[in-house]
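The values are calculated or read from the model by the stated rules, or taken from the named source; none is laboratory data. Values in this document were obtained by computation on a predicted structure and should not be read as measured data. All Cβ positions, glycine included, derive from the backbone under ideal geometry; neighbour counts span all protein chains shown.
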Amino acid sequence: MHARLLVVVISLLALLTSGCSMIGGKEDAVANEADATFSLRMIPHHRQTIEIAKLAPERSTDVFVTGIADQIANAENSEISQMADYLKQWNIQVPGDDAKATHAMAGMLSSKDMEALKAAKGAQFDALFLPTLAKHLRSGIQMAKDAQGKGIHAGSRALAGKIIDSQSAVVDEIAKRGKA
């Protein structure tokens, strides 16, 4: 997965440095490297968030934790579909599901972090889950801010804004509980 992402990014760089600064042919499909990179990185990031969120119902006894996990998983499933559609419009391969290959990506939890979450239950899980999720979401917020600042695709920029707002709200809720 990491190697495929690198190949796609290098291909985009070659395209951009060859004099063409846009991806896509239709007005609404025009994008640049920042837009493509956003989707290529955010899809695996979201998949890991969903993987984390799926642990909550079986490991947590806190309604707040399970509610946040459900909320974030539902939102991010929809956002993955949207980003995958953009990548397809731009003739860029959608990243695969190889979670282990993406652990090295900035903002991703390590295998050790994931194992710690999987081993915890009850109050121990909750105490680990909330700050881990907040940290993970902050990296997603930063990716979205980068996309808004450098991207040109209206849909990607709008999605980035939505991610900034929704994930910032979740981080704020976690912080109110003193866990961020």
Out of Ser166, Ser139, which single residue is more than 16 Å from Ala73 (Cα to Cα) and of a type in the set (S, T, N, Q)?
Ser139
Looking at Ala144, Ala169, which is the one that is under 16 Å from the mean Cα position of the chain (by Cα) and surrounded by fewer than 17 Cβ atoms within 10 Å (Cβ to Cβ)?
Ala169
Checking the condition more than 18 Å from Glu33 (Cβ to Cβ) and in contact (Cβ under 8 Å) with a residue 40 or more places away in the chain, which residue from Leu87, Leu117 passes?
Leu117
Wholly enclosed helices (runs of 4 or more DSSP H) of region 49-139 bearing at least 1 residues surrounded by fewer than 15 Cβ atoms within 10 Å (Cβ to Cβ) and modelled with pLDDT of 95 or more
56-59, 63-89, 111-119
Just to be sure, is Ala147 in a helix (DSSP H, G or I), over 21 Å from Gly178 (Cα atoms) and touching a helix residue (DSSP H, G or I) at 6+ places or on another chain (Cβ under 7 Å)?
yes
So is Lys179 of a type outside the set (Ser, Thr, Tyr), modelled with pLDDT of 95 or more and either surrounded by fewer than 20 Cβ atoms within 10 Å (Cβ to Cβ) or assigned to a helix (DSSP H, G or I) (or both) or not?
no
